[in-house]
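See below for the structure under consideration.
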Amino acid sequence: MEGFLANILNGLSWGMLLFLISMGLTTVFGVMGVLNFAHGSLFMLGSYLCMQFVRWSGSFWMGLVLGPPIVAALSILIERFLLRPIYGRDVSFQLLLTFGLMLFLDDGVRLIWGPAYHVVAPPAILSGVIPFFSQSYPVYRIFLVILGPLVGLGLWMFFTFTRWGKILRAAAMDRQMAEIVGVRVPILFTGVFAFGAWLAALGGALAAPHQSVGPAMGERIIIESFIVVVIGGMGSFPGAFVGALILGLLNSFGTTWIPDVQMALPYLFLAVILLTRPRGLFGGEA
Amino acid sequence: MKHRWLTVLLMLSVVLAVAGAGLAAEKPVKVGFVYIMSGPFATYGQFAKQGAELAIDEINAAGGINGRKVEALFEDSTGKPDVGIRAIRKLVYENEVDVVMGIDSSGVASAVAPIMNELKTPLIITHAATPDVTGTNCNRYTFRVSLNINQNIAMAAKLAAKLKAKTWTTVGPDYSFGHQSWEYFQKYLSKQKPDAVFLPKEDVAFSPMATTDFSPYITKILNSKADGVLISLWGGNLIDFVRQASDMGFFDGKREVLMTLGAATEVLYALKDKMPENIWVGTRYWFAANDSPVNKAFVDAYMKRYNVYPSYNAHGAYAALKTYAAAAKKANSIDKEKIVAALEGLTIEVPVGKITIRAEDHQAITDGVWGQTAADPKMPIRTLKNLFHLPGDAITPPVEETGCKMK
């Protein structure tokens, strides 16, 4: 029983990190139609900046608050000077560009911080454990499990109730129509791209106390995030949430129950979804 | 007048001598290195490169190999077998190296060793530990100067036999290295302690290399009835595992823990005081394990140059170069066939101790060391106490057991 509950918590905490990253990926795709390969690298950058701020200030919260906006600012430059010139071109240009950007960022991080692993301690208030039946469970993971839905709720409220959220959804639905009714799409795009990068970096900062910070962390997470986004439905917000939860739980329960095929589970599930609901669980009919 | 002629003659002879020396200095000895230089295991490649550069500078300062300067070329295997094969082919065909050294990861080693017969170039493995490349898959051109799985796990089993734990399980990377470590551990430990119990295949934990969240594996082990755990994770995997496992109460003293590569300084520098104390950890080389002048000189020079303690991977690259230089001296040539002949049976003292490359399977007979992690306020990283040494002869299986048929 306690193993079962621990697995649920394990799955949820990993799922919540995946959710934050997938959320940015799916927003950028939903609104801009850009599949951003470099999204994982922005996640990684969030982790490194968090680590750097922790080193300077000694406080994890500084890293969590200050790191993501810097990544968002960088992505404004990326959107303005790299992505914007190729919007009109074939989609393969975007894939190549973002892929190249990923290589560039990964190597850039290596140049600045070196190839070594770095370790970030969770803030004191979240660093202990709570008793969990006969064992214990880390507070930081519980924090992730609670934070995920809160961020999700915040985003949902933003998209549902605020003017900017509504504009975003409108642009995602029909870009041309939005332009006709006076939405300034270029600025919107810059904003959306920066917002997605901010979410990725937030995920990265939150992941820093949870896993070692190293140059390849982005490559590893981007694949799982793509699976989440495809399972949930490209561009769907609730889809990203449900997809991330499914993947997190598949990971934890698969490891316990069917270890031999655990590695293949996300891909098998992805194949089933693609065969039965090619647009994903929450994808529109279109 | 006579004087002037003499001066001219003297100058001429000096010029000729310098030019002659220039002519005599042949082209450099080219050494190709293949390590993981990018991705989550890149620290291993970085440290190996440092060890190699130190050895090369020492060799060149002492006049080079048989009077020829040594030149190094580094290639990135990224830890992937196909990339490793491409890197070696490039080094041999394009750069025309005289010898290849390195190889992290058993997966890469198993893939590249068989092609050395086709490339007819010696390969000196310095890290990858799969027994196959000096066992069932051994060949004329493949050598290893570092400790292999058999040797390291033989030590783990000897330690485990002395510990209280009765029921053993494992957490390892889900490829040949993790599986072979567990397989040999069961084989060796049940010989020494017939009543040792091992959890069945479905209850042990093998995690893919790309894993960053180890909590499901930790939960699995915590909820099993094992009181002994063999951990063969390494690099970033081991760092992530240790941190997450500490948080989940894994190191609460209720179980004996053996980490086969826990004393890698790559890992210790990243974890610092987050590495739990009193854990048994293995390595291929521990910088403080012996006081030999060779080791002291190596550690001091390395410390002075890089300001970190040398890792086993730095040592592997350093030792491989010194071994190659000794073989070239013995053969008085760097001809590839002559080097192979000279390496076979060669004994040389490197920082880890005296190693002998067995002629029959090309595995180095090298001493092993394990120790228990301990805090030392004077050290930037966890150090080792209660060092457990065994000589190479005691931990290396006899040639007949390796399955090597040299071709």
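Read-outs: derived from the displayed coordinates by stated rules, not from any lab. As the structure is a computational prediction, the values presented were derived from the model and not from experiment. Using ideal geometry, Cβ is built from the backbone for each residue, glycine included, and neighbour counts are taken over all protein chains shown.
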- [ ] For the stretch B:345-406, calculate the relative contact order in percent as a whole number, restricting contacts to Cα pairs under 8 Å that are 6 or more residues apart.
- [x] 27 percent
Task: Those lysines that a straight Cα-Cα span of less than 24 Å connects to B:K338, excepting residues fewer than 8 apart in one chain - done: B:K27, B:K30, B:K69, B:K90, B:K120, B:K322, B:K329, B:K330, B:K354, B:K405, B:K407
- [ ] Per residue of the stretch B:261-269, in order, report the coupling 6.51 cos²θ - 1.76 cosθ + 1.60 (Karplus, θ = phi - 60°) as ³J(HN,Hα) in whole Hz, putting x for Gly and Pro.
- [x] 10, x, 8, 6, 5, 3, 7, 5, 5
TODO: Tabulate in residue order the Karplus-calculated ³J(HN,Hα) for the stretch A:160-173, using 6.51 cos²θ - 1.76 cosθ + 1.60 with θ = phi - 60°, rounded to whole Hz; enter x for Gly and Pro.
DONE: 8, 9, 8, 5, 5, x, 5, 4, 4, 5, 4, 5, 5, 6
Open item on the list: With the crude spin-label approximation of a point 7 Å out along Cα→Cβ, what separation in nm comes out for A:W56 versus B:E96?
Closed with: 5.2 nm
Open item on the list: Please list, in order, the residues from the stretch A:126-143 whose amide nitrogen is less than 15 Å from a point placed 7 Å along the Cα→Cβ vector of A:I8.
Closed with: A:132-133, A:142
- [ ] Give the angle, between 0 and 90 degrees and rounded to the nearest 10, that separates the Cα long axis of helix A:2-32 from the longest principal axis of the Cα atoms of chain A.
- [x] 10 degrees
Task: When the stretch B:188-295 is reduced to its Cα atoms, the Kirkwood hydrodynamic radius in Å - done: 15.2 Å
Task: R0 of 22 Å, Cβ-Cβ distance B:L73-B:K336: FRET efficiency to nearest 0.05 - done: 0.85
- [ ] Calculate the mean, over all residues of peptide A:208-218, of how many other protein chain Cβ atoms lie within 10 angstrom of the residue's Cβ.
- [x] 6
TODO: Compute the Kirkwood hydrodynamic radius of the stretch A:2-276, taking the inverse of the mean of 1/r over all pairs of distinct Cα atoms, and give it in Å to one decimal.
DONE: 19.2 Å
Task: Any cysteine of the protein assembly as shown lacking a neighbouring Cys Cβ under 4.7 Å - listed by number - done: A:C50
Task: Over the stretch B:117-216, equivalent-ellipsoid semi-axes from the Cα gyration tensor in Å - done: 29, 18, 11
Task: Semi-axes of the equivalent ellipsoid for the stretch B:24-79, Cα gyration tensor, largest first, Å - done: 26, 11, 5
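Peptide A:260-269: average number of partner chain Cβ atoms within 10 Å per residue? Please list the in-between numbers first.
Values: counts 4, 0, 8, 7, 0, 0, 0, 0, 0, 0.
That average works out to 2.
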Task: Contact order relative to length of the stretch A:2-276, as percent, for alpha carbon pairs under 8 angstrom and 6 or more apart - done: 41 percent
TODO: Calculate the spin-label point distance for A:L274 paired with A:R163, positioning each point 7 Å from the Cα along the beta-carbon direction, and give it in nanometres.
DONE: 4.3 nm
Task: Kirkwood hydrodynamic radius of the stretch A:113-225, Cα pairs, Å - done: 17.2 Å
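By how many nm would the segment from A:F99 to A:Y87 grow when fully extended, if each residue of separation counts as 0.36 nm and the alpha-carbon distance is taken off?
2.8 nm
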Open item on the list: Checking a compactness column here: for chain B, what do you get for Rg(Cα) / (2.2 N^0.38 Å), N being the number of residues?
Closed with: 1.07
Task: Residues B:E96, B:E75 arranged by fewest to most Cβ contacts within 10 Å - done: B:E96, B:E75
Open item on the list: Springs between alpha-carbon pairs under 10 angstrom, Gaussian network model over chain A: which of A:R141, A:R84, A:R163 fluctuates most?
Closed with: A:R163
- [ ] Search the structure for amide H atoms under 5 Å from the amide H of A:F132, placed 1.01 Å from N in the peptide plane, and list their residues when 5 or more places away or on another chain.
- [x] A:Y137
TODO: Putting +1 on Lys and Arg Cβ atoms and -1 on Asp and Glu Cβ atoms, find which of B:V281, B:G316, B:I339 reaches farthest to the positive end of the dipole of the stretch B:256-375.
DONE: B:I339
Task: In sequence order, calculated HN-Hα J values of the stretch B:377-383 (Karplus, 6.51, -1.76, 1.60; Hz; x Gly/Pro) - done: x, 7, 10, x, 10, 4, 10
Task: Around B:E71: net Lys/Arg minus Asp/Glu count, Cβ-Cβ under 15 Å - done: -3
Open item on the list: Apply the a/c threshold of 1.5 to the C-alpha gyration tensor of the stretch B:327-407 and tell me whether it is rounded, prolate or oblate.
Closed with: oblate
TODO: Enumerate the amide H contacts of B:T142 below 5 Å, restricted to partners 5 or more residues apart or on another chain; note that Pro and chain-start residues carry no placed amide H.
DONE: B:L123
Task: GNM top mover of B:N148, B:N307, B:N332 - chain B, alpha-carbon springs below 10 Å - done: B:N307
Task: Of every Cα-Cα pair in the stretch B:49-163, the percent that sits beyond 20 Å - done: 47 percent
- [ ] Compute the FRET efficiency between B:E344 and A:I180 as 1/(1 + (r/R0)^6), taking r as their Cβ-Cβ distance and R0 = 56 Å, and round to the nearest 0.05.
- [x] 0.10
Task: Virtual paramagnetic centre 7 Å along Cα→Cβ of B:K254, amide N under 19 Å, in the stretch B:125-166 - done: B:164-166
TODO: Can you put B:D174, B:D273 in order of Cβ neighbours within 10 angstrom, beginning with the fewest?
DONE: B:D273, B:D174
Task: Cα-only Debye scattering, the protein assembly as shown: base-10 log of I(q)/I(0) at q = 0.07, 0.10 Å⁻¹ - done: -0.52, -0.98
- [ ] Give me Rg over Rh for the stretch A:10-60, both radii from the alpha carbons and Rh done the Kirkwood way, two decimal places.
- [x] 1.09
Task: Long-range HN-HN contacts of B:G172 with modeled amide H, under 5 Å - done: B:A205, B:F206, B:S207, B:S232
Task: Tensor-based shape of the stretch B:254-341 (alpha-carbon gyration tensor, a/c under 1.5 rounded, otherwise prolate or oblate) - done: prolate
Task: Listed residues B:A325, B:A317, B:A48, most fluctuating in chain B (Gaussian network, C-alpha, under 10 Å) - done: B:A325
TODO: Determine, for B:L123, A:L281, the number of other Cβ atoms within 10 Å of each Cβ, and report the residues in order from fewest to most.
DONE: A:L281, B:L123
